[in-house]
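Everything on this sheet refers to the single structure shown next.
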């Protein structure tokens, strides 16, 4: 991309942000979100804005593996830098029916295309890591059940808030550090109430899915419709229990072996964008 095109894209991004509604700005401010984006998150949105219908039609039919890997690396880099800001801006700017945005590109179709191709054309471990915002070794501190009212309805459902102390970070040191506490939430199935027990050690794959600054939806599966009750990756005597062989190294694997493997795979994904 030449400097002129890059300058135009940045200008479009600035104009777009400027033209967003006052209510949007107030919404971001109420969430403690800055009006400017960090570098890698900015590049992610520059890519979205620069993408046109011709590219979409071409990539829908003939996207090369190399191009898919570059895009996947871009998405992963934005998540590593600040997955929460990436989610908030995408959700607020893109998923909402903003006339300016929808006149520029069919973003939901674009992201659907990329998500589908990552899942079907890249190795399963790449799909897992790209779609996992945070990956921690952690000690469970507490789990609390509460009632949640479904938006726009009178129905209430059970949710569980889990708080854990981070012991090691595989992915997510842009926002967290070791010894931080992280709180996440999930919707339990019938057997899910006792999924997390205080003082247990677990490997926690987390994905941002809400507007609650440090509260995360817990992503155990690539397919979020699958049961969550088998998703806990318990660590006992430095052995990770992976009942479904989710990470591809067997049902029981040494923590150091899995940790090294996951870091190697993340570094590989990073290299795709170089």
Scan the range 53-73 for residues that are surrounded by fewer than 17 Cβ atoms within 10 Å (Cβ to Cβ) and outside any helix (DSSP H, G or I) and jot them down. 64
Expected single match for over 18 Å from the mean Cα position of the chain (by Cα), under 25 Å from residue 56 (Cβ atoms) and either assigned by TED's automatic domain parsing to the domain that holds residue 184 or modelled with pLDDT of 85 or more (or both) among 139, 121 is 121
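The values are calculated or read from the model by the stated rules, or taken from the named source; none is laboratory data. Just so we're clear, the structure is a prediction, and the values are computed from it rather than from any experiment. A quick note on method: Cβ atoms are made from the backbone with ideal geometry, for glycine too, and the neighbour counts reach across all protein chains shown.
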